[in-house]
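In what follows, a single structure is set out as C-alpha cells and then discussed.
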Amino acid sequence: MSIRNAIHTDRAPAAIGPYSQAVQVGGTVYLSGQTPLDPATGELVGGGIAAQARRAFDNLRAVCEAAGGSFDRIVRVGIYLTDLADFAAVNDVMRDYFSQPYPARSTIGVRELPRGAAVEIDAIMALG
C-alpha cells in the first residue's frame, strides 16, 4: 500500500506529465504547480499577468477543494514568474485569495514555464 494518495479533479487542468495534481501524505497535501490553463479547453488564458495569476490560483483552489481543504489551510506557496517585474501585480492578485496570517511564500524568477505561461503556482496544505 502506498503512503501517497493522489488527488485529482476535472475542475483543474489535467497533469501534462507523469505527476499528480496533488498528493496527500498523512495530514499534508503537496499541490503540484498550476499554470493558467483553462481546465475546460486546456488552453492558456489571455489577458496579461493578473488574469494568468487568477486562473492559476483558481486551478490551485479546485485541487485544494478536491483534497478536502481550502486556501485557509495553505501553509506555503511557491510562485514562479518568467518576469519578476510582475511581482507586484501577482501580490495584488494573491491578496484576493488569502487573508492574514498569510502563508509562507517564495517567489522565483525562471526563464520559461510550460505552454508559454508567465506564472506557475504550487503550494503545501495542512489538513490536520
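The values are calculated or read from the model by the stated rules, or taken from the named source; none is laboratory data. Please read all numbers here as calculations on a predicted model, not as lab measurements. With ideal geometry, Cβ positions are generated from the backbone for all residues, glycine too; neighbour counts draw on all protein chains shown. The protein model used for the area step is the full one, side chains on, heavy atoms only, and it has no ligands, DNA or RNA in it. Shrake-Rupley method; radii C 1.70, N 1.55, O 1.52, S 1.80 Å.
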Residue by residue through the range 4-28, note down the ones that are aliphatic (A, V, I, L, M) and either assigned to a strand (DSSP E or B) or surrounded by fewer than 17 Cβ atoms within 10 Å (Cβ to Cβ) (or both). 6, 7, 14, 15, 16, 22, 23, 25
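Looking at the range 34-49 only, could you name the residues that are at positive phi and modelled with pLDDT of 95 or more?
Once the filter is applied, which keeps residues that are at positive phi and modelled with pLDDT of 95 or more, the range 34-49 yields only 48.
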Could you tell me which of the residues 46, 42 is outside any helix (DSSP H, G or I) and within 24 Å of residue 91 (Cα to Cα)? 46
Which residue, of 89, 40, 67, is open to solvent by less than 50 Å² (accessible area, probe 1.4 Å) and under 29 Å from residue 25 (Cα atoms)? 67
Select from the range 17-27 the residues that are in contact (Cβ under 8 Å) with a residue 24 or more places away in the chain and either closer than 10 Å to residue 67 by Cβ or touching a Ser or Thr at 6+ places or on another chain (Cβ under 9 Å) (or both) and list them in ascending order. 21, 22, 24
Residue pairs, Cβ under 6 Å, 6 or more apart or interchain, first in the range 57-76 and touching a residue at least 40 places away in the same chain (Cβ under 8 Å), second open to solvent by 80 Å² or more (accessible area, probe 1.4 Å) and in a loop (DSSP other than H, G, I, E, B). List them. 62/11
For residue 45, indicate whether it is of a type outside the set (D, E, K, R), farther than 26 Å from residue 128 by Cβ and free of Cβ contacts under 8 Å to residues at least 40 places away in the same chain. yes
Please verify whether the range 111-121 includes one or more residues that are in a strand (DSSP E or B), of a type in the set (Lys, Arg), over 11 Å from the mean Cα position of the chain (by Cα) and surrounded by 12 or more Cβ atoms within 10 Å (Cβ to Cβ). no
How about the range 91-108: which of its residues are out of contact with any strand residue (DSSP E or B) (no Cβ under 6 Å at 6 or more places or on another chain) and either in a helix (DSSP H, G or I) or not hydroxyl-bearing (Ser, Thr, Tyr) (or both)? 91, 92, 93, 94, 95, 96, 98, 100, 101
